[in-house]
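As structure tokens, the structure follows; a few thoughts come after it.
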Amino acid sequence: MRVALICIDKPNSLDVRMANRPAHVEHLNASGIVELAGPFLDANGAMCGSLIVLQVNSVAEAEAWAAEDAYTKAGLFASVEVREWKKVIG
């Protein structure tokens with residue numbers, strides 16, 4: 001199953017994002033379950049959140065993966081929505 005993580009950064013937290021980005025990218029690459037990932041951008045083109053699609057066996061597995069992410073551990077996100085997602089095109 002695919003699960004989408006829709007993560008919105010806390011306001012004025014670009015410094016937290018950038019400080020934790022290398023560890024976040026390592027987690028993305030090392031896990032072997034990330035199908036696609038990338039940041040949301042604000043009106044000025046600055047990163048302000050993340051969309052991550054995981055290929056997992058359960059929503060609980062996706063939640064566990066998210067809990068171990070460097071951004072989560074750093075308290076970057078104001079909100080994280082975890083939703084089962086169906087790929088149709090792409």
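Here are the numbers:
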quantity: Difference of contour (0.36 nm per residue) and Cα-Cα distance, Ile89 to Met18; calculated: 22.4 nm
quantity: Computed label-point distance, nm, for sites Ile6 and Asn29 using a 7 Å Cα→Cβ extension; calculated: 3.0 nm
quantity: Two-decimal Rg to Rh for the chain - Kirkwood Rh, Cα set; calculated: 0.95
quantity: Fully extended contour minus Cα-Cα distance, from Leu36 to Asn57, at 0.36 nm per residue; calculated: 5.9 nm
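Values quoted throughout were computed directly from the atomic coordinates according to the rules given, and no laboratory measurement underlies them. All values reported here derive from a predicted model rather than from experimental measurement. Reconstructed Cβ throughout: ideal geometry from the backbone, glycine too, with neighbour counts over all protein chains shown.
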